[in-house]
């Protein structure tokens, strides 16, 4: 049997515990799912984003409160958890932006092939995670 005539497996009754744990999603699938998740995360955290922007630009007193939120926290939320929430916003923005550019490029150039989809998905994942690590190190004061 050649590569083209080989019969592919059929999944009719998928068992979520048995079948989904052994299924290997390709990089393009991960990027697609994470693109939707990052958009949802940014939407859910939009009130925090608006508060961050408003507090940082309103006045000197509010900017001091803004910087104190990162150092000691806000109310019952400790500073490290606040930084972690901001880090998740940074990742969501970067991943959504890079994956969106990838999708726009693929749509504009009609670059829809399995090879380009895989390579551009890996580049998207590496760039978004790499930039998040760099900005996260800055956020947590490592440089």
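The values are calculated or read from the model by the stated rules, or taken from the named source; none is laboratory data. Note that the structure is a prediction, hence the values are computed from the model and not measured. Note that each Cβ is placed from the backbone with ideal geometry, even for glycine, and that neighbours are counted across all protein chains shown.
Numbers at a glance
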quantity: Residue ID - farthest from residue 62 (Cα to Cα), chosen from residues in the range 6-33 that are surrounded by 12 or more Cβ atoms within 10 Å (Cβ to Cβ) and out of contact with any helix residue (DSSP H, G or I) (no Cβ under 6 Å at 6 or more places or on another chain); calculated: 26
quantity: Some residue of the range 43-63 being surrounded by 12 or more Cβ atoms within 10 Å (Cβ to Cβ) and touching a residue at least 60 places away in the same chain (Cβ under 8 Å); calculated: no
quantity: Any hit, the range 91-105, residues being at positive phi and free of Cβ contacts under 8 Å to residues at least 24 places away in the same chain; calculated: no
quantity: Helices (runs of 4 or more DSSP H) within the range 1-110 that include 2 or more residues at pLDDT 90 or above and over 27 Å from residue 137 (Cα atoms); calculated: 27-44, 79-109
quantity: Lone qualifier among 126, 133 - being under 14 Å from the mean Cα position of the chain (by Cα), under 19 Å from residue 27 (Cα atoms), assigned to a helix (DSSP H, G or I) and free of Cβ contacts under 8 Å to residues at least 12 places away in the same chain; calculated: 126
quantity: Top-ranked residue of the range 64-83 - restricted to ones that are surrounded by 14 or more Cβ atoms within 10 Å (Cβ to Cβ) and within 25 Å of residue 131 (Cβ to Cβ), ranked as nearest to the chain's Cα centre (by Cα); calculated: 83
